[in-house]
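**Student:** Sharing a structure here in C-alpha cells format.
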Amino acid sequence: MYRSRGFSLLELMVVLVVLALCSAIALPRLFAADSHGSLHAQGDELAAVLHDLSDGAVLAGHALGLHVDDYGYQVLQRAGGDWQVMHVQSLPGTGSAQADAPTLRLVAGECLRRIDNAVQIVVTAAGLATSCRIELASRSQMIEVEMDAAGNVSKRPKDAI
C-alpha cells in the first residue's frame, strides 16, 4: 500500500498565497518613513494588495475580494457562497485629530457598483477582476491606484485639489 508523505503542491501554493497577502499588507507598514513618503508607501501597499488578490485568486482557485471605505479596506475570500473577512487594514492616522490623515475613495470603474452589499472589487479564480480606480489622499498629496479587468495594477501620483 502506497502512503503519501508531506503536502501536495496545491496545498503549498495556497499557504504561499496567504503568506504573500499577509506580507504585502504588513511589511510596507513596517518600513514607512516620514509623512511625505508614508502616503506613497500606503499607495505601494494598496497596489501590492490588489496585485496579490489577482494572483491569489488564481492560485487558490476561488474568488477573492476587497471592500474599501474612507479609512481602510478589508480583504475577503469567497467560501461556501459567503464572503469571509481575511484581513482588515486601517490607514495610519485615521480616526484621530491628525490634520493630514489619509482617506481612500473609489472614483471610477465597475467597482462603484456594490456586489453583495459589501464587496466592491472581486477577482475570480480565472483571474478576471472588477476594474477600479482608488484615490488615496491626504491634504497635500494624492495617489491613484488602478486595476483593470485583466487584474493589471498601476499606481501614479496625482495633483491634490
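**Student:** Got a number for residues in region 107-155 being among the charged types (D, E, K, R), modelled with pLDDT under 90 and touching an Asp or Glu at 6+ places or on another chain (Cβ under 7 Å)?
**Tutor:** The qualifying residues number 3.
**Student:** Filtering region 57-96 down to residues that are modelled with pLDDT of 85 or more, of a type in the set (A, V, I, L, M, F, W, C) and touching a His at 6+ places or on another chain (Cβ under 9 Å), which residue is farthest from Ala129 (Cα to Cα)?
**Tutor:** Val85
**Student:** I'm told Leu104 meets every condition in (1) under 15 Å from the mean Cα position of the chain (by Cα); (2) modelled with pLDDT of 80 or more except one. Can you identify the failing condition by its number?
**Tutor:** With (1) under 15 Å from the mean Cα position of the chain (by Cα); (2) modelled with pLDDT of 80 or more applied to Leu104, the lone miss is (2).
**Student:** When only residues in region 33-45 that are out of contact with any helix residue (DSSP H, G or I) (no Cβ under 9 Å at 6 or more places or on another chain) and in a helix (DSSP H, G or I) count, which is modelled with the highest pLDDT?
**Tutor:** Top of the filtered list is Gly43.
**Student:** Using the structure shown, decide if Ala99 is loosely packed, with under 13 Cβ neighbours inside 10 Å and either of a type in the set (D, E, K, R) or at pLDDT 80 or above (or both).
**Tutor:** Answer is no for this residue.
**Student:** Which ones in region 145-154 are in a strand (DSSP E or B) and crowded, with 18+ Cβ neighbours inside 10 Å?
**Tutor:** Val145, Glu146, Met147, Val153
**Student:** Shifting gears a bit: Being at pLDDT below 85, surrounded by fewer than 20 Cβ atoms within 10 Å (Cβ to Cβ), among the aliphatic types (A, V, I, L, M) and over 25 Å from Ala149 (Cβ atoms) narrows it down to one residue among Leu10, Leu30; which is it?
**Tutor:** Just a single option satisfies the conditions, and that option is Leu30.
The values are calculated or read from the model by the stated rules, or taken from the named source; none is laboratory data. From a predicted model like this one, the values you see are computed outputs, not experimental measurements. When we count neighbours, we look across all protein chains shown, and the Cβ atoms used for this are built from the backbone with ideal geometry, even at glycine.
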